[in-house]
Amino acid sequence: MLTLVISVTTVSPQARTYPKEIRGYKVERTVVEIKKPEANKQKSSQDSRSRNDGPAQSDSTANSEGEVDELIQLGKPQLARVTPLGITFEVPIVVSPVKQSGHVDFLVFEDMIVNGTSVNIDEYHRAFDLPNKHRLTLREPLRFYIYLPSAMLAALGDWSDSKETWPVTGRVYVFGKFKKGLLSFKRVVPVELNLSMRNPLTER
């Protein structure tokens with residue numbers, strides 16, 4: 001069983017401005033709605049009724065904007081390869097269930113920083129359908145490479161102080177076709193990552 005060690009901090013959508021269109025896909029954060037566990041949904045409904053200061057539709061929109069950053073998460077990383085030139089890691093991609101159907105064409109990663117080190121991640125061209133019931137762990141993990149000089153300094157520091165988790169920040173653009181009612185729309189959903197994942201170097 002995959003054990004997730006993730007601490008998510010929601011990024012306010014008002015804090016960032018996105019382009020209107022990327023590669024022919026219209027940008028829209030609220031095209032998907034995350035499906036919450038039953039217990040969380042009941043608590044959310046009670047909280048909403050207790051602070052009913054505005055129209056229900058506005059609350060729903062605000063929730064969709066904040067919850068979309070939970071769509072893409074990262075699982076437990078594994079150390080894949082160590083060479084004189086650098087270190088390669090494999091990280092499972094975990095997709096949260098959504099309320100409607102959707103098909104993802106590919107993922108693009110931007111401004112990714114892992115444990116204080118800027119990381120370039122190749123585009124993920126593995127199409128998949130969005131789950132509707134349970135979290136989905138994609139078959140092909142995400143691979144990223146850290147060049148040796150910066151990687152060695154970070155690794156030595158982590159081995160010596162046994163740092164258990166690494167902060168990860170960045171952005172994932174989810175390109176695909178998403179359904180609203182009977183219609184299907186070609187969209188790209190920006191997902192802001194701000195989480196922590198277990199340090200794989202401590203398990204060596």
### Task
Determine, from the Cβ-Cβ distance of residue 78 and residue 133 and an R0 of 41 Å, the FRET efficiency 1/(1 + (r/R0)^6), rounded to the nearest 0.05.
0.95
## Note on the structure
Along region 122-127, Karplus-curve 3J(HN,Hα) (6.51, -1.76, 1.60; θ = phi - 60°) to the nearest Hz, with x for Gly and Pro, reads 5, 4, 9, 9, 9, 5
### Message
Let me check I've understood the local charge: for residue 180, count other residues with C-beta under 13 angstrom from its C-beta, Lys and Arg +1, Asp and Glu -1. What total comes out?
### Response
+4
### Task
Multiply the residue gap between residue 140 and residue 122 by 0.36 nm, knock off their C-alpha separation, and tell me the result in nm, one decimal place.
5.2 nm
### Summary
The answer for residue 112, listing residues at least 5 apart or on another chain whose modeled amide H is closer than 5 Å to its amide H, is 119, 171
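At a 1.4 Å probe radius, which order do 110, 21, 140, 70 fall into by accessible area, largest first? Write down the numbers at each step before the final one.
Details: 110 70, 21 120, 140 90, 70 50 Å².
These residues rank, largest area first, as 21, 140, 110, 70.
Compute the signed sum of charges (Lys and Arg +1, Asp and Glu -1) over the other residues within less than 15 Å, Cβ to Cβ, of residue 86. Don't skip to the end; give the middle numbers.
Values: positive: 81, 143; negative: 90, 122.
Taking every other residue near residue 86 into account, the sum is 0.
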### Message
Within 14 Å, Cβ to Cβ, of residue 145, how many net charges do the neighbouring residues add up to if Lys/Arg are +1 and Asp/Glu are -1?
### Response
0
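Grab the Cα-Cα distance for residue 22 and residue 182, subtract it from 0.36 nm times how many residues apart they are, and report the gain in nm with one decimal. Display every interim value, and only then the final one.
On the way: separation 160, 0.36 × 160 = 57.60 nm, distance 2.42 nm.
Roughly 55.2 nm would be gained on extension.
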## Note on the structure
Expected sort for 79-86, 170-177 on mean C-beta neighbours within 10 Å, highest first, is 170-177, 79-86
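The values are calculated or read from the model by the stated rules, or taken from the named source; none is laboratory data. This one's a predicted model, so the numbers in the text were calculated from it and none came from an experiment. We place every Cβ from the backbone using ideal geometry, glycine too, and count neighbours over all the protein chains shown. When the accessible area is computed, the model is the full protein with side chains, heavy atoms only, and any ligands, DNA or RNA have been set aside. Shrake-Rupley method; radii C 1.70, N 1.55, O 1.52, S 1.80 Å.
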